[in-house]
Amino acid sequence: MPVVPLQSLWSVTAPAGPACEALAGAWGAQAAVIGAGYTGLSAALHLAQAGREVVVLEAADIGAGASGSNGGQVIPGVKHDPDTLEQMFGADAGARAVATVAAGPDLVFELIARHGLRCDAVRTGWIQPAASEAALLQLAARVEQWRRRGAAVELLSREQVQRLTGSGRYCGGLLDRRGGTVQPLSYVRGLAEAVGRCGGRIFTRSPALKLTRTAGTWSIETPRGSLTAPLVIIATNAYTGAVTDELRRTVVAVPSFQVATAPIPATLRQAILPEGQAASDTRRLLRYFRLDASGRLVMGSRGTFAPVPGARAVRQHYRAVHEIYPQLEGVAFEYHWGGLVAMTRDHLPHLHEPAPGLLAGLGYNGRGVAMATVMGRLLALRALGTPAAELGFPVTPLRPMPLHALSGIGARATIQYLRLADALARSPTLGSRGPA
Ligand SMILES: Cc1cc2nc3c(=O)[nH]c(=O)nc-3n(C[C@H](O)[C@H](O)[C@H](O)COP(=O)(O)OP(=O)(O)OC[C@H]3O[C@@H](n4cnc5c(N)ncnc54)[C@H](O)[C@@H]3O)c2cc1C
């Protein structure tokens with residue numbers, strides 16, 4: 001099958017964002033934010049709404065990192081289940097962390113409504129289809145834990161998953177009604193517009209090259225200017241570079257990429273995700289899929305380490321679409337694109353305060369649409385003086401990974417292993433067309 005040229009569906013369908021200039025000359029602000037993705041812009045928006053003078057520096061363009069390229073699935077919670085979070089953090093702090101992560105989608109959809117962000121927001125839920133009977137048992141425990149906390153989460157039978165997704169490949173699943181979808185690039189550009197309307201300033205093509213602290217003030221150098229502020233928020237996630245090298249070594253950047261079909265013909269469309277939910281399955285190398293506003297199927301997965309996915313990797317994704325939706329064979333593919341996911345050792349996002357007046361939030365492990373928005377708000381609250389213990393999510397010390405330089409090799413090997421494990425876990429309930 002021919003492979004279409006690299007191009008993001010989101011960049012073709014998003015409204016233009018605000019026009020921004022590169023920083024030139026010497027600037028000062030009450031707060032500086034490095035990185036214009038969801039973390040940085042949510043932080044900037046909450047600071048600007050609180051009346052602070054905030055300036056955002058972005059190395060490339062708004063949403064140039066993962067925020068403009070992701071699947072747009074607004075997923076409640078983090079990778080760990082609520083009971084596990086309470087075990088990790090202790091009963092009280094754990095319960096607050098659970099409440100914080102559970103409220104992620106509420107914050108996203110509230111910001112969208114309050115600021116009138118045009119980003120094709122749909123809130124009909126998020127499905128986690130089970131790729132094996134063993135995974136379904138885990139989902140049953142997850143559903144029980146969330147329901148005990150009053151969340152609108154339910155376990156789905158094989159037939160229900162088939163009806164809601166249009167795929168017969170899964171043996172059951174979970175439906176979390178708190179979730180939904182956005183056009184991810186439109187959402188991040190909308191946040192940037194809102195920052196501007198609230199008085200914040202964004203400079204693009206303005207990479208922070210050097211960060212220094214003198215007499216209680218931070219100074220950031222860019223190619224054509226400088227910015228000083230008593231407070232700096234680093235929001236560079238998987239794209240963190242050598243300027244904050246210790247922070248960079250707390251995450252492993254793992255590529256993930258997606259393909260999108262042409263709009264699905266109406267006859268097939270009725271049976272594929274008819275209620276508009278997003279889905280991310282339980283495979284070790286998970287597949288995530290949804291429809292866009294024009295009825296295209298958008299599906300992503302981890303899998304290649306080349307900066308630009310080669311034809312072989314793209315074809316693997318085409319095959320993955322056909323494994324889940326054999327009825328789509330014959331529908332053309334129109335787009336493919338990718339980005340970097342920041343993975344952490346403990347699979348948790350992290351809030352850090354490595355020095356006075358320096359804050360950072362990162363490590364969303366593929367769950368950043370809601371969580372990065374939440375973390376941006378928490379970073380703003382901390383910057384506004386909320387004590388760390390009252391934020392609702394722990395502030396942890398920086399723990400760079402030992403042998404981080406080898407993490408790319410480790411991550412490659414892990415991915416090969418996970419691919420094999422998924423193939424071996426192939427269940428009769430999933431048919432025999434390929435790895436489940
Ligand atoms: C392909 C893909 C699919 C995904 N799908 C989903 C999904 O469906 N649902 C979900 O919840 N999550 C998903 N994620 C994860 C989610 O996209 C991220 O967690 C989230 O976007 C992180 O936002 P951020 O603002 O922290 O980082 P980013 O959006 O990556 O922003 C970081 C920014 O910092 C800038 N930067 C870096 N260095 C500098 C510097 N020195 N100076 C100035 N600027 C700098 C970068 O240019 C970049 O714009 C996906 C990720 C990828 C890659």
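The values are calculated or read from the model by the stated rules, or taken from the named source; none is laboratory data. Owing to the predicted nature of the structure, the values given are computational and were not obtained by experimental measurement. Quick reminder, even Gly has a Cβ in these numbers, built from the backbone with ideal geometry, and neighbours come from all protein chains shown.
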Give the residues of the stretch 36-75 that are of a type in the set (S, T, N, Q) and either within 13 Å of E193 (Cα to Cα) or out of contact with any strand residue (DSSP E or B) (no Cβ under 7 Å at 6 or more places or on another chain) (or both), sorted by residue number. S42, Q49, S67
The condition of being more than 23 Å from the chain's Cα centre (by Cα) and either closer than 29 Å to G37 by Cβ or surrounded by 18 or more Cβ atoms within 10 Å (Cβ to Cβ) (or both) holds, among L117, L174, L185, L136, only for L136
Please specify each residue of the stretch 142-190 satisfying the condition of being free of Cβ contacts under 8 Å to residues at least 40 places away in the same chain and small (G, A, S). G150, A152, S157
I34: passes all of (1) closer than 26 Å to G216 by Cβ; (2) without any contact (Cβ under 8 Å) to a residue 12 or more places away in the chain but (2)
What helices (runs of 4 or more DSSP H), lying completely within the stretch 1-111, carry at least 3 residues that are out of contact with any Ser or Thr (no Cβ under 6 Å at 6 or more places or on another chain), away from the ligand (no atom under 16 Å from the Cβ) and farther than 30 Å from R283 by Cβ? 91-102
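Conditions (1) within 13 Å of the ligand (Cβ to nearest atom); (2) basic (K, R); (3) farther than 23 Å from A131 by Cα, marked per residue:
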| position | (1), (2), (3) |
| --- | --- |
| R284 | no, yes, no |
| F289 | yes, no, no |
| R312 | no, yes, yes |
| V341 | yes, no, no |
| T344 | yes, no, yes |
| P354 | no, no, yes |
Of all the strands (runs of 3 or more DSSP E) wholly in the stretch 306-372, which have at least 1 residues that are of a type in the set (F, W, Y) and modelled with pLDDT of 95 or more? 333-343
Filtered residues of the stretch 295-314 (kept if closer than 20 Å to E329 by Cβ and not β-branched (V, I, T)): G295, R296, L297, M299, G300, S301, A311, R312, A313
Quick count over the stretch 159-207, residues being in contact with a Cys (Cβ under 7 Å, 6 or more places away or on another chain) and under 18 Å from I112 (Cα atoms), is 5
If the requirement is being surrounded by 20 or more Cβ atoms within 10 Å (Cβ to Cβ), in contact with a helix residue (DSSP H, G or I) (Cβ under 7 Å, 6 or more places away or on another chain) and at negative phi, which of these qualifies: A320, A342? A342
List, please: which pairs have Cβ atoms under 8 Å, are six or more places apart or on different chains, and start with a residue in the stretch 257-268 that is under 20 Å from V314 (Cβ atoms) and modelled with pLDDT of 95 or more and end with one that is part of a loop (DSSP other than H, G, I, E, B) and among the acidic types (D, E)? A260/D292
Could you check, for the stretch 118-134, whether at least one of its residues is free of Cβ contacts under 8 Å to residues at least 60 places away in the same chain and more than 30 Å from G25 (Cα to Cα)? yes
